[in-house]
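Step one of this worksheet: look at the structure below.
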Amino acid sequence: MFEYPAEALKWLQENRPEVVFTDLNMPEITGTEFIGRVRDIYPDQSLPIIMVTTQNEVQDNEKARQAGVSDITLKPFTAESLKNALEGVGRAGRPST
């Protein structure tokens, strides 16, 4: 877990996790910008990115999808909704929603 997106991006330059969780609203850059920068490092869908957000605006979701998000899960989330998201991205990085 990282407080600032820049710290996460620096870590991602040298480390490849199994999945990345991000929020839409973060300090310094948006979640959509963060997703785009992660896709600069890992351009294919082999690294799932799940955005967890309270917002469900069509334009925000579309921008996130264009940036390369694998799935979007709404807050408040449950163990079941996170499980569904993880299972969804496990299918070749395809969104479950």
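Sorted largest first by accessible area at a 1.4 angstrom probe radius, with every protein chain in place, the residues Lys75, Lys10, Lys83 fall in the order Lys10, Lys83, Lys75. The residues of the chain expose, per residue, 62 Å² of accessible area to a 1.4 Å probe. Think of region 5-62 as a dipole: +1 on every Lys or Arg Cβ, -1 on every Asp or Glu Cβ, centred on the Cα centre; then among Asn56, Thr30, Gln13, Gln13 lies furthest on the positive end. The length gained by stretching the chain between Gln13 and Met26 to full extension, at 0.36 nm per residue less their Cα-Cα distance, is 2.7 nm.
Which listed residue (Tyr42, Gln66, Gly88) has the Cα farthest towards the positive end of the charge dipole for the chain, taking +1 on Lys and Arg C-beta and -1 on Asp and Glu C-beta about the Cα centre? About the Cα centre, the residue reaching furthest to the positive side is Gly88.
Across the accessible surface of the chain, with the other protein chains kept in place and a 1.4 Å probe, carbon and sulfur atoms take up 51 percent.
Taking amide H as placed 1.01 Å from N in the peptide plane, the amide H of Ile49 sits under 5 Å from that of Val20, Ser70, Asp71, each at least 5 places away or on another chain. Can you tell me what percent of all Cα-Cα pairs in region 1-58 are more than 19 Å apart? Percent of Cα pairs beyond 19 Å in region 1-58: 21. The alpha carbon radius of gyration of the chain, expressed as a multiple of 2.2 N^0.38 Å, is 0.98. Rounded to the nearest 20 debye, the dipole size of the chain about its Cα centre is 260 debye, using +1 on the Cβ of Lys and Arg and -1 on the Cβ of Asp and Glu.
Across the protein chains, with a 1.4 Å probe defining accessible surface, the residues Asp60, Asp40 rank Asp40, Asp60 from largest area downward.
The stretch between Gln45 and Glu62, if pulled fully straight at 0.36 nm per residue, gains 4.4 nm over its current Cα-Cα span.
The values are calculated or read from the model by the stated rules, or taken from the named source; none is laboratory data. This is a predicted model, so every value here is computed, not measured. With ideal geometry, Cβ positions are generated from the backbone for all residues, glycine too; neighbour counts draw on all protein chains shown. Ligands, DNA and RNA are excluded from the accessible area calculation, which covers all protein heavy atoms including side chains. Shrake-Rupley method; radii C 1.70, N 1.55, O 1.52, S 1.80 Å.
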